[in-house]
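Visitor: Here it is, the structure, as structure tokens.
The values are calculated or read from the model by the stated rules, or taken from the named source; none is laboratory data. As the structure is a computational prediction, the values presented were derived from the model and not from experiment. Please note: Cβ atoms are built from the backbone with ideal geometry, for glycine as well, and neighbour counts cover all protein chains shown.
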Amino acid sequence: MRWIKFIGIACIVLCLFAGGIAFDIFVVQKFAYKNVIESNQSNQIEISQSVETSQNVKPDLLQMEISIVESKTLGATSALTESQREHITKKLDSIITLTQANNDICKYSPYTFGPVEFYNYQNEKKAGYNIYLNIKCKIQETTYKQYEELMSQIKKLVYQDEWLDFRNYSFNFSLSDSIQKAQEVTLREQIIKQANMLKDEYSKNLNAQCHIANMSLHGNTMYAMERKNLDYVANDFTEKKTIDSQINIKNIMESAVIPLSLHMNVKFACQTH
């Protein structure tokens with residue numbers, strides 16, 4: 001009879017081993033999330049799990065930034081006449097006036113214009129002039145034409161002047177607050193749906209009655225803004241007047257997407273039968 005007892009014990013051990021493997025395959029490995037499982041003597045099992053969801057969203061804002069700076073000619077000019085200084089100042093004021101007329105989409109920062117001293121690559125002390133005028137614009141598809149018209153007028157002033165040039169012409173995509181909040185709601189709904197699916201899977205594979213005990217945010221909703229940079233250094237009107245044909249910003253805006261993601265910590269409580 002002793003051998004029958006050994007066979008019975010071996011069967012029990014084998015069943016427990018097989019059950020552990022099945023739980024690992026059907027519950028732990030099925031979901032690519034980090035989970036922590038705790039149990040106690042009252043047949044209660046608590047499972048803490050990180051759930052993630054993501055989606056791509058079309059941006060509704062395009063942020064542009066340009067800087068009006070000194071040309072190479074002005075940077076190498078050690079002295080200016082009064083009429084030359086007056087000419088440059090009037091040009092900068094004209095650019096500001098154009099920007100002010102479109103202050104619903106563009107803002108400017110106070111500019112600097114004055115003499116500077118610097119050392120060249122041969123460590124020789126040189127003198128020249130420095131200009132810096134920064135303009136930032138925030139536009140949507142409905143105001144893009146307005147932005148293009150403004151840039152056309154500014155470029156005409158800059159490109160035809162021997163003293164001025166562009167630098168750090170850049171743009172990036174983003175989401176308005178209203179769009180981002182709406183997308184956060186959508187992501188939360190997706191998280192809840194995933195959590196309910198996990199609850200049902202745990203109930204089935206653990207032969208238990210499971211429910212969602214708690215859900216908490218793990219970090220904030222994050223999105224990456226696609227950024228493009230274009231540097232203009234040569235002050236050649238023929239080259240620059242066609243620079244926009246090299247990259248169609250509007251088409252890029254229409255096809256661009258911003259990846260959004262949301263992480264939440266979910267705690268499941270299961271009562272085994």
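Visitor: Looking only at the range 120-148, which residues are of a type in the set (Phe, Trp, Tyr) and not in a helix (DSSP H, G or I)?
Guide: 121, 129, 132, listed by residue number.
Visitor: Just one of (1) of a type outside the set (Ser, Thr, Tyr); (2) without any contact (Cβ under 8 Å) to a residue 24 or more places away in the chain; (3) under 30 Å from residue 81 (Cβ atoms) trips up residue 135, so point out which.
Guide: Among (1) of a type outside the set (Ser, Thr, Tyr); (2) without any contact (Cβ under 8 Å) to a residue 24 or more places away in the chain; (3) under 30 Å from residue 81 (Cβ atoms), the lone unmet condition for residue 135 is (2).
Visitor: Of all residues in the range 181-207, count the ones that are of a type outside the set (Val, Ile, Thr), touching a residue at least 60 places away in the same chain (Cβ under 8 Å) and out of contact with any helix residue (DSSP H, G or I) (no Cβ under 6 Å at 6 or more places or on another chain).
Guide: Final tally of qualifying residues: 14.
Visitor: Can you name every one of the strands (runs of 3 or more DSSP E) wholly within the range 195-273 that holds 3 or more residues which are modelled with pLDDT under 90 and surrounded by 14 or more Cβ atoms within 10 Å (Cβ to Cβ)?
Guide: The strands (runs of 3 or more DSSP E) meeting that bar are 258-272.
Visitor: Let me ask something else about it. Residue 164 - would you say it is closer than 27 Å to residue 85 by Cβ and either buried (at least 19 other Cβ atoms within 10 Å of the Cβ) or in contact (Cβ under 8 Å) with a residue 40 or more places away in the chain (or both)?
Guide: Yes.
Visitor: Keeping to the range 181-207, report how many residues are under 17 Å from residue 52 (Cα atoms) and of a type outside the set (D, E, K, R).
Guide: Of the residues in that region, 12 qualify.
Visitor: Another one. Could you list, in sequence order, all residues of the range 104-119 that are outside any strand (DSSP E or B) and either touching a strand residue (DSSP E or B) at 6+ places or on another chain (Cβ under 6 Å) or surrounded by 12 or more Cβ atoms within 10 Å (Cβ to Cβ) (or both)?
Guide: Correct list: 105, 109, 111.
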